[in-house]
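The values are calculated or read from the model by the stated rules, or taken from the named source; none is laboratory data. Please read all numbers here as calculations on a predicted model, not as lab measurements. Positions of Cβ are generated from backbone atoms using ideal geometry, with glycine treated the same way; all protein chains shown enter the neighbour counts.
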Amino acid sequence: MSETSSESAVERLGTVREKIAAATAQADRPDGSVTLVAVSKTFPAESVRPVLEAGHRTFGENKVQEGTGKWSALRADFPDVRVHLIGPLQSNKVKEAVSAFDVIETVDRDKIARRIASEIADQGRAVDIFVQINTGEEPQKAGVLPREADAFIAQCRETHGLPVAGLMCIPPADQEPAPHFALLAKIAARNDIDQLSMGMSADYEIAIDFGATFVRVGSAIFGPRDYPTA
Ligand SMILES: *Cc1c(COP(=O)(O)O)cnc(C)c1O
């Protein structure tokens, strides 16, 4: 990869956008059918602002508290921004998450689904809901197991009245991602779900080939993070 730290985030954003456009065309998919979620976790508002000024509007954060603090100020200047929560959600943070995020990608258990539904009703906010699938069945990873996905999605829809707009996965770090992307696409298709959030810096072009509508790209835009975040 030619990405070096001497390049700016805005330059790297341009490169990622070009690669997304090329991968989209290569997969015979319509121009603009893939949305780039720029993952700004661990980077302060000052690092994100140039990317906003360059016109980018869709971002991802993996922690409720960090995301809320950073984006309350940025949102005042860029009201049309869309911020996705891509990290695990605890039930005591649901209220804050529903008020601070536009998309919650990590719904994976009944208690969270129920609280989100009740907060959406209370706050009258439109929040898109994605279900996270643990495609690799990793014990330490969040997400619904593939064999439990259909029942969980039905429960979100029928019991909680939560429209499930998309599915999200994070393939195991040590495996080929393609079979995981294919599995996520298959679960989405049989449940009438249009949106697929899959693919990160290392594999977003592959994810696009398997139908990703959102790719979550952090380090390829903002550079290496100082510390790892789970
Ligand atoms: C950090 C993170 C990303 C972005 O990872 P990069 O490899 O830096 O692109 C994507 N998805 C989730 C869920 C993350 O936590």
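Which residues, taken from the range 34-68, are under 24 Å from Ala23 (Cα atoms), out of contact with any strand residue (DSSP E or B) (no Cβ under 8 Å at 6 or more places or on another chain) and surrounded by fewer than 16 Cβ atoms within 10 Å (Cβ to Cβ)? So that I can check it myself, show each step before the final result.
Taking the range 34-68 and keeping what is under 24 Å from Ala23 (Cα atoms), we get 34-40, 51-52, 54-60.
Of the ones still in play, those that are also out of contact with any strand residue (DSSP E or B) (no Cβ under 8 Å at 6 or more places or on another chain) are 52, 54-55.
Result: Ala54, Gly55.
Do any residues in the range 180-191 that are modelled with pLDDT of 95 or more have Cβ atoms under 8 Å from those of residues that are among the polar types (S, T, N, Q), where the two are at least six apart or on different chains, and which pairs are they?
His180/Thr135; Leu183/Thr135; Leu184/Thr135; Ala188/Gln195
Just checking, does the range 56-63 include any residue being on the phi > 0 side of the Ramachandran plot, among the charged types (D, E, K, R), away from the ligand (no atom under 14 Å from the Cβ) and not in a helix (DSSP H, G or I)?
Narrowing the range 56-63 to residues on the phi > 0 side of the Ramachandran plot: none.
Scanning the range 56-63, I find no residue that is on the phi > 0 side of the Ramachandran plot, among the charged types (D, E, K, R), away from the ligand (no atom under 14 Å from the Cβ) and not in a helix (DSSP H, G or I), so the answer is no.
So in the range 198-222, with the set limited to residues that are among the small types (Gly, Ala, Ser) and within 8 Å of the ligand (Cβ to nearest atom), which one is farthest from Val37 (Cα to Cα)? Before you say what the answer is, go through the steps one by one.
If we filter the range 198-222 for residues that are among the small types (Gly, Ala, Ser), which is where we start, we get 199, 201-202, 207, 211-212, 218-220.
Filter once more, keeping what is within 8 Å of the ligand (Cβ to nearest atom): 201-202, 218-220.
On the way: Ser201: 11, Ala202: 14, Gly218: 8, Ser219: 12, Ala220: 12 Å.
The selected residue is Ala202.
Residue-wise test of (1) aliphatic (A, V, I, L, M); (2) within 16 Å of the ligand (Cβ to nearest atom); (3) at pLDDT 95 or above.
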residue: Gln65; (1), (2), (3): no, yes, yes
residue: Arg82; (1), (2), (3): no, yes, yes
residue: Ile104; (1), (2), (3): yes, yes, yes
residue: Arg114; (1), (2), (3): no, no, yes
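Pairs needed: first member in the range 19-45, on the phi < 0 side of the Ramachandran plot and in contact (Cβ under 8 Å) with a residue 40 or more places away in the chain; second member anywhere, basic (Lys, Arg) and within 13 Å of the ligand (Cβ to nearest atom); C-beta distance under 7 Å; at least 6 residues apart or different chains.
Val37/Arg216; Val39/Arg216; Lys41/Lys63
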